[in-house]
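A short write-up of the structure that comes next.
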Amino acid sequence: MSKRIWSLIAVMCLVLSVAGCGFVLAENQFSGLKYVYGDEEVQVTNIEISNKKFILTMDFCSRSSSAAAYFTSFSVTGYQGGVECDYAYISDSNTTKNIKNGAVITVKDGFTLFNTSDIVEIVIEPWINWNSPTLVFYVDPKTGEWSTNKNTLRNDAPAVSSTNNTASDQYPGLKYTKDGVSVQVTNIEITNNKFVMSMQFYDESASSASYFTTFSVKGFQNGVECDYAYIPDSNTTKEIRKGASITVKDGFTLVNRTDIIEIIIEPWISWDSNDNLTFYYDPQTGNWSLTRPQSAQTNSSKGGSSVVPEQYRGLRYEKDGCSVQVTNIERTNGNLVLTMEFSNAGKTSEAYYLTFSVSGYQRGIECDYAYISDSNASKEIKNGSTITVKDGFKLENSKDVVEVIIGPWISFGNVETLTFYVDPSDCSWYTR
């Protein structure tokens, strides 16, 4: 009896010493695929590929004093040819289930492969990663072999994406590079007023990069920014590794098919208005140029109204080269809405919502924000352009006089503002 007891104790000690967090011992072929971050850890227990779906089965354990879930602790990313693989939905994954201190749950995570021949790079890391260590390993989808050293696997697959890296002869000058990452325009098409650019996105930087967090594209017609356009299969959120490239698409919705388009490719977050690639495109001929055609000069009459109703002539506010002129005041669905002409006489592009703000008060209490569709508040406009914008707030009631203040979006100290008062019953206004 005592011999059996001591044997059982020895086995339990072995399990605890290896598993650490109460794991059942992983199969030998996956024992090296364990990742620990903070109070949570995962141990790969199985890898399977089915219909191009790459699935990792893992034991997830937490030693945290509070409940934890795999979904908010870790993430798994896969790459083939240096390009991030697509998300794959996995049923019964258990990834959102919380577990208590010391508990273990089996979870599944994975992605969809581009093919079942190229070596797969897998990265397990914290759900939100600020330069923390990661677990990186490689799997040969042909044989199921894995290694933390890619060089030990077969080497017949391309190291980076095999996507065509040759710029189109039609667009050789349309390349923009920033911090080792670049885009090269390869095609431009317009369909149903949607302006779409295809580009080769390259990464020669020290880390992974995605187009979405690196670059942005803006379009202007007559000095007014064009609306966003949703483009399916754009690949903009996919990360690529150093040395890889991928075809991405970006664009916007045109105001019309006649006016010259000004296109700006710039960093996703830009503090230098001159750090960009700007070119011009004629939607009627398909010709492009790096210099502004004479016909592309801004024309404020196409961006907004040039006629100010007599009753609103006194409601104009100007600050740092930009101005707003009230052209209408209305009460609709419990909101007080101001329609204004926003003009830019400054040196850089500006948007209303980053320049001015409108506040309302009833009985000395600030009114709540009101969402106004088609407000144009976030659209940038160029020097010399004007656009019609809307702003406003929710009324507490339709009886008490409303104090309206138009001022800078951000102000410090005593800043001059435009203050007037509106009777919500008929939207008439006056000053004191």
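Quick notes on this one:
- Inter-residue pairs, beta-carbon under 8 Å, first closer than 21 Å to F215 by Cα and without any contact (Cβ under 8 Å) to a residue 24 or more places away in the chain and in region 276-292, second of a type in the set (S, T, N, Q) and exposed (fewer than 11 other Cβ atoms within 10 Å of the Cβ), 6+ apart: Y280/T291
- Conditions (1) touching a residue at least 24 places away in the same chain (Cβ under 8 Å); (2) more than 24 Å from I260 (Cα to Cα); number of the one not met by T177: (1)
- Among residues of region 361-386, those that are closer than 28 Å to T348 by Cα and of a type outside the set (F, W, Y), counted: 15
- Which numbered condition Y87 fails, given (1) surrounded by 19 or more Cβ atoms within 10 Å (Cβ to Cβ); (2) modelled with pLDDT under 95; (3) hydroxyl-bearing (S, T, Y): (1)
- Top-ranked residue of region 41-61 - restricted to ones that are aliphatic (A, V, I, L, M) and closer than 15 Å to D92 by Cβ, ranked as surrounded by the most Cβ atoms within 10 Å (Cβ to Cβ): M58
- Residue list for region 90-138, filter: touching a helix residue (DSSP H, G or I) at 6+ places or on another chain (Cβ under 8 Å) and either loosely packed, with under 13 Cβ neighbours inside 10 Å or of a type in the set (S, T, N, Q) (or both): N94, T95, T96
- If the condition is being part of a loop (DSSP other than H, G, I, E, B) and either farther than 26 Å from G38 by Cα or touching a residue at least 12 places away in the same chain (Cβ under 8 Å) (or both), then region 105-128 contributes L113, F114, N115, T116, S117, D118, I119, W127.
- For N46, the conditions (1) touching a residue at least 24 places away in the same chain (Cβ under 8 Å); (2) in contact with a helix residue (DSSP H, G or I) (Cβ under 9 Å, 6 or more places away or on another chain); (3) farther than 25 Å from R241 by Cα are fulfilled apart from (1).
- Check on S216, closer than 19 Å to K379 by Cα, crowded, with 16+ Cβ neighbours inside 10 Å and small (G, A, S): yes
- Looking across Y430, Y369, one residue alone is farther than 30 Å from K218 by Cβ and either in contact with a strand residue (DSSP E or B) (Cβ under 9 Å, 6 or more places away or on another chain) or basic (K, R) (or both). It is Y430.
- Evaluation of R292 against (1) modelled with pLDDT of 95 or more; (2) surrounded by fewer than 16 Cβ atoms within 10 Å (Cβ to Cβ); (3) of a type in the set (K, R) (one fails), failing number: (1)
- Qualifying strands (runs of 3 or more DSSP E) (wholly inside region 174-272; at least 3 residues being outside the structural domain of S385 (by TED's automatic domain parsing), within 20 Å of C85 (Cβ to Cβ) and not hydrophobic (A, V, I, L, M, F, W, C)): 194-203, 245-253
- Residue in region 250-269 that is surrounded by 15 or more Cβ atoms within 10 Å (Cβ to Cβ) and among the small types (G, A, S) present: yes
The values are calculated or read from the model by the stated rules, or taken from the named source; none is laboratory data. These figures come from a predicted structure and were not determined experimentally. Note that each Cβ is placed from the backbone with ideal geometry, even for glycine, and that neighbours are counted across all protein chains shown.
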